[in-house]
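*Asks:* Handing you this structure, nothing more for now.
The values are calculated or read from the model by the stated rules, or taken from the named source; none is laboratory data. Just so it is clear, the structure is predicted and the values come from calculations on it, not from any experiment. Quick reminder, even Gly has a Cβ in these numbers, built from the backbone with ideal geometry, and neighbours come from all protein chains shown.
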Amino acid sequence: MTAEVVDTTATEAADLVLYQHSTPVPRQSALIALAGTVEEIVAGQQAYQECCKALLDDDDYQTIGSKQFKTRSAWNKLGVAFGVSIKILSEKHERDERGRIVRTEFHVTAIASNGREQDGVGACDIFERCCGGPDYCDLKEFWEDSGKPTNHKHCKADCPGWIHFSHPGHDVPATAFTRASNRAKADLFGLGDVSAEEVGGDTKSEARAEQGARQEAGRPATDKQIKFVNDLISQTGVDLLSITAHIGREVVTANDLTGPEAKKAIDTLIAIRDGKMDRPEPPPEHRTTAEPTSHPTPTPEATPISNVVEAKLASITAEFKRRDLSPEDRKKVVERALTRDVPAAWSKELTEPDLDKILAYLNTYGPDEEPF
């Protein structure tokens with residue numbers, strides 16, 4: 001049997017020419033192609049930003065340092081708005097000898113309504129909130145200027161970590177899942193935002209910075225600041241309640257101010273004293289009520305005792321009790337502060353400016369110094 005020999009040289013050449021002219025071979029590009037037009041991509045990002053503004057409120061953000069970060073509630077709202085679901089790919093727990101969870105790691109994927117997916121990993125352990133002790137912690141246990149406690153206690157070298165969680169068996173896995181879910185959603189939206197839960201736990205230095213900022217915000221005003229505020233109140237005749245909007249909360253006496261609040265009060269009162277700011281209207285409870293036409297309107301010095309005056313008088317009385325002053329010594333302090341004689345029932349005769357002068361006078365003496 002002989003094989004049939006077919007000359008295909010001419011045929012293949014003709015087919016090759018035909019193929020080259022009809023269907024060019026596509027060339028692979030090293031560039032990543034856009035998923036849509038530039039206009040579509042920009043419109044999608046703008047829609048996301050507008051959705052954040054309309055859907056999220058202050059409770060969906062946490063301020064850490066000088067920045068705001070979206071919390072779990074924010075990512076959950078956005079996930080519902082954009083039809084994103086979460087699927088757990090893996091869940092790992094590390095336990096101690098008693099079977100308690102000490103570390104959890106989640107690997108999840110976020111799935112968009114169009115089928116696009118993005119993975120996210122999150123972890124949490126019971127030791128991440130430990131401060132590291134006095135040699136490494138940035139926080140203070142006592143304020144240097146006043147010696148008062150700051151409500152922070154340094155962790156010991158053998159700190160078990162459990163004390164920093166209300167329910168560690170639940171809190172550790174829940175935090176790990178939240179971080180993984182938030183990371184997957186953020187990357188799916190293509191913005192790469194860092195969630196508050198990630199900053200607040202994974203990065204210890206950021207967490208300590210945030211705790212330090214909160215601690216500093218609650219630092220009591222120094223004796224020097226309190227004295228300066230009371231002096232400015234006496235000079236301007238403007239009480240602290242009248243500048244509540246500048247301080248940030250209602251404060252009756254300078255002794256109740258925190259350090260940052262005292263700075264705001266000082267800056268505001270100086271601006272009022274120097275004519276750079278208009279004098280504020282007194283709060284409603286401090287305004288005098290119009291008297292009948294048969295009686296003249298009382299002057300500020302003759303204003304009946306108000307809630308504000310009562311609060312200042314209570315502060316003076318408390319300070320007298322703390323210093324264990326007798327009635328005779330109290331009267332002597334009042335006379336020295338006002339540079340005039342006062343009756344035995346002096347508390348019923350004093351006006352608010354008088355009380356401010358007494359407070360300012362008391363603040364010029366240390367806690368253990370006799371104010372006369």
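*Asks:* Go through the range 156-176 and give me each residue that's farther than 23 Å from H107 by Cβ and among the β-branched types (V, I, T). Spell out how you get there, then give the answer.
*Replies:* Taking the range 156-176 first, the residues farther than 23 Å from H107 by Cβ are 156-164, 166-167.
Result: I163, single match.
*Asks:* What's the number of the only condition in (1) assigned to a helix (DSSP H, G or I); (2) surrounded by fewer than 21 Cβ atoms within 10 Å (Cβ to Cβ) that V229 fails to meet?
*Replies:* Of the numbered conditions (1) assigned to a helix (DSSP H, G or I); (2) surrounded by fewer than 21 Cβ atoms within 10 Å (Cβ to Cβ), the odd one out for V229 is (2).
*Asks:* If you don't mind, there's one more thing I want to ask. Spot the failing condition for D267; the list is (1) of a type outside the set (A, V, I, L, M); (2) modelled with pLDDT of 85 or more; (3) over 25 Å from the mean Cα position of the chain (by Cα), and only one is missed.
*Replies:* (3)
This table checks each residue for (1) under 24 Å from the mean Cα position of the chain (by Cα); (2) in the same structural domain as I163 (by TED's automatic domain parsing); (3) at positive phi; (4) surrounded by fewer than 18 Cβ atoms within 10 Å (Cβ to Cβ).
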| site | (1), (2), (3), (4) |
| --- | --- |
| L78 | yes, yes, no, no |
| F82 | no, yes, no, yes |
| S85 | no, yes, no, yes |
| A110 | no, yes, no, no |
| E128 | yes, yes, no, no |
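*Asks:* Being of a type in the set (S, T, N, Q) and at pLDDT 80 or above is the filter; apply it to the range 181-221 and report the residue that is farthest from the chain's Cα centre (by Cα).
*Replies:* Keep residues of the range 181-221 that are of a type in the set (S, T, N, Q), which gives 181-182, 195, 203, 205, 211, 215.
With the extra rule that they be at pLDDT 80 or above, the set shrinks to 181-182.
Values: S181: 23, N182: 20 Å.
Checked the range 181-221; the qualifying residue farthest from the chain's Cα centre (by Cα) is S181.
*Asks:* Can you report the number of residues in the range 42-81 which are within 18 Å of G115 (Cα to Cα) and at pLDDT 85 or above?
*Replies:* Looking only at that region, the number is 4.
*Asks:* For the range 30-67, which residues satisfy the criterion of being hydrophobic (A, V, I, L, M, F, W, C), surrounded by 10 or more Cβ atoms within 10 Å (Cβ to Cβ) and not in a loop (DSSP other than H, G, I, E, B)? Give the steps one after another, and end with the answer.
*Replies:* Looking only at the range 30-67, we keep the residues that are hydrophobic (A, V, I, L, M, F, W, C), and these are 30-35, 38, 41-43, 47, 51-52, 54-56, 64.
Cutting the leftovers down to surrounded by 10 or more Cβ atoms within 10 Å (Cβ to Cβ) gives us 35, 41-43, 47, 51-52, 55-56, 64.
Within the range 30-67, I41, V42, A43, A47, C51, C52, L55, I64 meet the criteria.
*Asks:* In the range 113-122, how many are modelled with pLDDT of 90 or more and surrounded by fewer than 19 Cβ atoms within 10 Å (Cβ to Cβ)? Talk me through it step by step, then tell me what you get.
*Replies:* Step one: list which residues in the range 113-122 are modelled with pLDDT of 90 or more, which gives 117-122.
Next, from what is left, pick out any that are surrounded by fewer than 19 Cβ atoms within 10 Å (Cβ to Cβ): 117-119, 121.
Within the range 113-122, residues that are modelled with pLDDT of 90 or more and surrounded by fewer than 19 Cβ atoms within 10 Å (Cβ to Cβ) number 4.
*Asks:* For the subset of the range 144-161 comprising residues that are buried (at least 16 other Cβ atoms within 10 Å of the Cβ) and hydrophobic (A, V, I, L, M, F, W, C), which member is modelled with the lowest pLDDT?
*Replies:* Among them, the one singled out is C155.
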